[in-house]
């Protein structure tokens, strides 16, 4: 039932998204939903996949109790189940939504360690990438603590199964189903010649393992957590793992993963 259920809406800056957000907000309040930005049970993203990612990071430290729903206001989004013309369906689905039936996708934990002992911990839904700002990046890549290779190239992208369809796919990575408990590391323009050698292919790394990138001592590294970008100096290592943390999507006519892939990249099959 909707009575007392706490929701919050996050939209992008487009006029269509803002109008959709306002309309949906009024419809939800008419059905006795409570608008609560501090302690929501359900966060509704109105916009595109970028808006959903932003919403996830806004509530990154409340993921154990927050569920997400996506409403797309452009073309069909990968993380969205509804378009702006389906707002009555959104309200009805949320009224009947059962928290126990939420659909969970794995997140990847990223631990950034610095030379002075300070560290930053984040979770990502799609991927994390590391690059140098101007020159070739050199780093050691370790798998569960053992040196695997010394990478030279433009950068590395480490993605979740759901993130495999994002930047990872554009640089030649494989598409992975979210039920595959693994990470994927893909190279960005690696150097492979008689002097420098890397694997030269995407790697699927099991849940039990960690990927640790130890960059050379430079002061112009760029590190992303999904769409968030940070510039770092004095990096010691970046460790990637699957620690069991997930994002929950409210099961409101939830679209299956392979249907999302087909809709996003292939379209109607004749």
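Among 197, 67, 122, which one shows the highest mean-square fluctuation when the chain is modelled as a Gaussian network with alpha-carbon springs under 10 Å?
Judging by the Gaussian network model, the answer is 197.
Mind sorting 159, 144, 85 by how few other Cβ atoms lie within 10 Å of their own Cβ, fewest first?
Numbers: 159 30, 144 13, 85 9.
Sorted ascending by nearby Cβ count, the order is 85, 144, 159.
Cα centroid distance between the stretch 62-83 and the stretch 236-270, in Å?
Using only Cα atoms to place each centre, the spacing works out to 11 Å.
I need 146, 164, 14 ordered by Cβ neighbour count within 10 Å, fewest first.
146, 14, 164
How far, in degrees from 0 to 90, does helix 49-58 lean away from the longest principal axis of the Cα atoms of the chain, to the nearest 10?
Tilt of helix 49-58: around 90 degrees.
Bin by bin, in steps of 10 Å, what percent of the Cα pairs in the stretch 108-241 do you find, going until the bin that has the longest distance?
13, 48, 34, 5
For Cα extents along the principal axes in Å, pick the label among (1) 123, 59, 28; (2) 52, 43, 34; (3) 66, 51, 36 that corresponds to the value derived from the coordinates.
Computing Cα extents along the principal axes in Å and matching it to (1) 123, 59, 28; (2) 52, 43, 34; (3) 66, 51, 36 gives (3).
Which ordering of 8, 258 is given by a fewest-first count of other beta-carbon atoms within 10 Å?
258, 8
Coordinate-derived values only; no laboratory data. What you see is a predicted model; the values in this text were computed from it and never measured. As a convention, Cβ positions derive from the backbone with ideal geometry for all residues, glycine included, and neighbour counts pool all protein chains shown.
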